[in-house]
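Student: Here it is, the structure, as structure tokens.
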Amino acid sequence: LHVASGDQINTTQQTGTVFSYLVRVDDAPSLQIKFGRTALPKGTMLRTTSLQDGAMQHHTATTLKQWQGKSAWFNGSAVLVELVAESNTSSTHVTIDGVIIIEQLGDDRTICGPTDDRVLSFDNRVGRTSVGCTAWIIDDGNRMFLTAGHCVDGGAGDIAVIEFNVPLSDSSGGHQHPGPEDQYAGDPESLQSFYVRGVGDDWAYFGCFPNTETGMTPYEAQGDFYVLADAAPPVNGQQ
């Protein structure tokens with residue numbers, strides 16, 4: 001997919017949409033939009049809206065950079081992209097370079113063995129990373145995150161988006177996403193990790209940028225965190 005708006009200026013006396021394009025991927029359970037060359041001067045923004053549930057995200061030049069030139073994840077197969085500009089702002093433009101979807105691999109839905117013995121659970125302190133791993137808000141000074149080192153084996157892209165208040169998957173097992181107000185861009189420069197195949201020594205530490213819609217950090221929005229123990233518990237027969 002490649003769509004370019006060209007340079008746009010709002011010459012009216014009211015804030016309005018100067019360009020729009022409907023991105024559609026038939027039968028996709030959800031999608032994320034990848035933007036190319038885009039200029040968002042002061043007084044302009046990029047607005048993306050899911051046609052399925054009305055979820056909406058607003059990008060400024062600063063937040064688009066934090067999100068590595070991508071939108072939040074949206075449920076459904078169609079998302080409306082709009083350039084919105086205040087009256088008589090500088091020229092603005094957007095380029096859509098592609099769409100990302102999640103391929104469902106059809107793995108067994110179980111922890112171990114042939115029986116699906118998973119149990120639904122929820123915790124305000126727990127989020128989902130881009131690759132489907134869990135990440136936990138912890139009690140350090142900036143309320144950063146821990147996850148497993150093997151969950152970032154692919155680099156900072158594996159923490160590109162952290163989601164909270166995640167809804168259940170659809171009937172086919174397809175990932176569903178919370179609204180953009182519960183999605184956060186991971187900070188790639190904050191990532192520290194180590195992973196040696198085998199038991200233990202498998203950790204990652206990172207932070208997120210504030211939310212595009214609320215301006216809050218994950219901790220400010222979720223209101224809770226894990227308190228780290230001073231030492232690991234004693235071994236009691238486990239490996």
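Student: Identify the single condition in (1) part of a strand (DSSP E or B); (2) open to solvent by 50 Å² or more (accessible area, probe 1.4 Å); (3) not basic (Lys, Arg) that residue 104 does not satisfy, given that it satisfies every other one.
Tutor: Only one criterion is unmet by residue 104, namely (1).
Student: I'd like the full set of residues that are within 21 Å of residue 9 (Cβ to Cβ) and hydrophobic (A, V, I, L, M, F, W, C), limited to region 35-79.
Tutor: Correct list: 35, 39, 40, 45, 46, 61, 64.
Student: Are any residues in region 128-169 open to solvent by 60 Å² or more (accessible area, probe 1.4 Å) and within 13 Å of residue 190 (Cα to Cα), and if so, which ones?
Tutor: Hits for region 128-169 are 142, 143.
Student: Another question, if that's okay. Quick test for you: out of 63, 89, 48, pick the one residue that is open to solvent by less than 40 Å² (accessible area, probe 1.4 Å), of a type outside the set (A, V, I, L, M) and in a helix (DSSP H, G or I). Break it down into steps so the answer makes sense when it comes.
Tutor: On the way: 89 fails: in a helix (DSSP H, G or I); 48 fails: in a helix (DSSP H, G or I).
Only one candidate qualifies: 63.
Student: Test residue 31 against the criterion of being open to solvent by 20 Å² or more (accessible area, probe 1.4 Å) and of a type outside the set (Ser, Thr, Tyr), and give yes or no.
Tutor: Details: open to solvent by 20 Å² or more (accessible area, probe 1.4 Å): no; of a type outside the set (Ser, Thr, Tyr): yes.
No, not satisfied.
Student: Checking the conditions here, which among 131, 166 is assigned to a loop (DSSP other than H, G, I, E, B), among the aliphatic types (A, V, I, L, M), free of Cβ contacts under 8 Å to residues at least 40 places away in the same chain and farther than 21 Å from residue 196 by Cβ?
Tutor: Numbers: 131 fails: farther than 21 Å from residue 196 by Cβ.
The match here is 166.
The values are calculated or read from the model by the stated rules, or taken from the named source; none is laboratory data. No experiment lies behind these values; they were computed from the predicted model shown. Because the Cβ atoms are built from the backbone with ideal geometry, glycine has one as well, and the counts that use them run over all protein chains shown. To get the accessible areas, we keep the full protein, side chains included, count just its heavy atoms, and leave off ligands, DNA and RNA. Shrake-Rupley method; radii C 1.70, N 1.55, O 1.52, S 1.80 Å.
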